Amino acid sequence: MNITIVGSGYVGLVTAACFASRGNIVTCVDIDKNKINSLKNNKIPIYEPGLSESILSSYKKNCISFTTNYESPIEESSIIFIAVGTPMKDDGSSDLSYVYQSATDIGKYIQSDTLVITKSTVPVGTTLKVKKIIENEIKNRKENIVFDIANNPEFLKQGRAMDDFNSPDRIIIGVENDNIRSIFKDLYRPFSTNYEKLIFMDIPSSELTKYAANAMLATKISFINEMSIIAEKVGADINMVRKGIGSDSRIGYSYIYPSLGYGGSCFPKDIKAIINFSKENDYNPEIIGAVSAVNENQKKYFFKKILNRFFRNNNQARQFAIWGLSFKPRTDDMRESASIYIINELLKLGSTIKVYDPEAMSNAKENYFKDVSSIHYCNNKYDVLDDSVALILITEWPEFRSPDFDLIKSKLRNPIIFDGRNQYSGQKMKKLGFEYYQIGKNDS
Ligand code: NAD
């Protein structure tokens, strides 16, 4: 099939790579000239395991191409995905201007018998607005063009996006016309081999399914994080409580790991968006509001441990070592990462930072801490420790899981670790002579 993907970000590129790898002819359209130029030069602008290899292989076979020009790909494709960003506005609502702009540009060139699919996460009603925008553009052209519209939200997890796309748990499709089901069945057959993964529904339900899934997962995260504070207050160990409840098959182990809270490009904005569009429809969602508030508090609660240990009686500037910048392992994405808050708070107190992250350091330098001279980026996780008063672990990259603790101890000024991801055993840390602060357990 001839497919155009509008938007070459995390979702657009993964979708493009996976469809191209199955032999479809895919064109990626993006308004960012730099991004398209680097893609044309075989440079993949984001880090996602397996993505680069897949795109380069399809590029060699002429199955994938990149352009800033809408005209010919839109005219030639029978399927068009909209996968542009839907970032959060200041009031918490979704900024849909990129979606609507892409709909306008699609409307200028679309031909009959094309299926337009919103893949971006969009509030209920957006897909039908996209349809109206395209219809208006067609009217302006004074042509008689018939097209279909659908919603196919994306559930991939950054860091495992290629695996998730290639072997999805389910594929949600919102349609207003049952005749297009067969197009989706053909398109997704290579990804639906073990069992039928397509779940068809009406468009408002599929749009809400995406938000409901993210809200459910964020609720589990905020639940365990709230429980972790209660555990600390009453002298319990959240790591044991997690095992205790996760073993119940009705609860399960996933998404109940105590942490600095959720971050990334999806959960924070999608949670704020669902609150916003519920209120617009005369309902104030109590649980989801609390999920967001607990998450906001979690990184502050963790930072207070650092504040109490180092700055309670003494505001002297110090150097801290940080492991991890990305919002989760296996990605260079730092959107809404707890690292931004922790580092900014330390900088406000006059601290110097030495940091190491396997993939996100260029992103940090270019987009989050441009020209900040008191942050030093190191090429090795142990180099950050020299002359630092404590190590703060923010992202649980695999290479931080079993480090050389003797080396850490010998390099740090004080053997102190603040662990925002509960990676180590408190008992072992104590034996090794560390002052160890984790989430949901008082060890120090
Ligand atoms: P992103 O910011 O990484 O990429 C968006 C891309 O769209 C950018 O390259 C931008 O230049 C391009 N763009 C903007 N306006 C355009 C236009 N008019 N025409 C062409 N290109 C345009 O975003 P992302 O993380 O890939 O997310 C895209 C959507 O998918 C969002 O709605 C997001 O909520 C949703 N989503 C993201 C994930 C994830 O893990 N990142 C997972 C599921 C769903």
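The values are calculated or read from the model by the stated rules, or taken from the named source; none is laboratory data. Since this is a predicted model, take the numbers as computed values, not measurements. Here the Cβ positions follow ideal geometry from the backbone for every residue, glycine too, while neighbour counts run over all protein chains shown. Note: accessible area is taken over every heavy atom of the protein model, side chains too, but ligands, DNA and RNA are not part of it. Shrake-Rupley method; radii C 1.70, N 1.55, O 1.52, S 1.80 Å.
For the chain, find the longest principal axis of its Cα atoms and tell me its angle to the long axis of helix 267-280, 0 to 90°, nearest 10.
60
Given DSSP loops and a limit of at most 13 other Cβ atoms within 10 Å, what is the longest stretch of the chain that contains no such GluC sites (Glu not before Pro)?
197-444
Run the helix sum for the chain: -39,500 (n - 2.57) per DSSP H stretch of 4+ residues, divided by residue count, reported at 222 nm to the nearest 500 deg cm²/dmol.
Rounded to the nearest 500, it is -13000 deg cm²/dmol.
Quick one: pull the percent of accessible area on region 403-444 belonging to carbon and sulfur, 1.4 Å probe, ligands and nucleic acids left out.
Here it works out to 44 percent.
Measuring from centroid to centroid over Cα atoms, what is the spacing of region 221-269 and region 183-205 in Å?
Between the Cα centre of region 221-269 and that of region 183-205, the gap is 33 Å.
Please state, as a whole number in µm²/s, the translational diffusion coefficient that the Stokes-Einstein equation yields for region 2-175 at 10 °C and 1.306 mPa s, with Rh defined as the Kirkwood radius across alpha carbon pairs.
This corresponds to a translational diffusion coefficient of 97 µm²/s.
Of the listed pairs Lys157/Lys269; Lys129/Lys157; Lys157/Lys348, which have alpha-carbon separations greater than 21 Å here?
Lys129/Lys157; Lys157/Lys348
Quick one: putting +1 on the C-beta of Lys and Arg, -1 on the C-beta of Asp and Glu, what dipole do you get for the chain around its Cα centre, in Debye to the nearest 20?
Charge dipole, the chain, about its Cα centre: 1200 debye, nearest 20.
Among the chymotrypsin sites (Phe, Trp or Tyr not before Pro) within region 108-205, which fall in a DSSP loop and have no more than 13 other Cβ atoms within 10 Å of their own Cβ?
Passing both the DSSP loop test and the Cβ count: Tyr195.
Using the heavy atoms of the protein chains alone and a 1.4 angstrom probe, what is the accessible area of the chain per residue in square angstrom?
45
What is the dipole size for region 291-444, taken about its Cα centre, with +1 at each Lys and Arg Cβ and -1 at each Asp and Glu Cβ, in debye to the nearest 20?
The dipole of region 291-444 has a size of about 620 debye.
Before anything else, pin down the relative contact order of region 375-437: Cα pairs under 8 Å, at least 6 apart, normalised by residue count, whole percent.
Here the relative contact order equals 35 percent.
How far, in degrees from 0 to 90, does helix 338-348 lean away from the longest principal axis of the Cα atoms of the chain, to the nearest 10?
50
Helix 97-109: angle to the longest alpha-carbon principal axis of the chain, degrees 0 to 90, nearest 10?
Approximately 20 degrees, to the nearest 10.
Starting at the first residue of region 412-426, write each ³J(HN,Hα) from the Karplus equation 6.51 cos²θ - 1.76 cosθ + 1.60 with θ = phi - 60°, in whole Hz, x for Gly and Pro.
Residue by residue, region 412-426 yields 5, 5, 10, x, 10, 10, 9, 10, x, 9, 6, 8, 10, 8, x Hz.
From zero outward in steps of 20 Å, how is the percent of C-alpha pairs of the chain spread across the bins?
23, 51, 23, 2
If one computes P(r) from the Cα atoms of region 144-239, what percent of pairs lie at distances over 22 Å?
47
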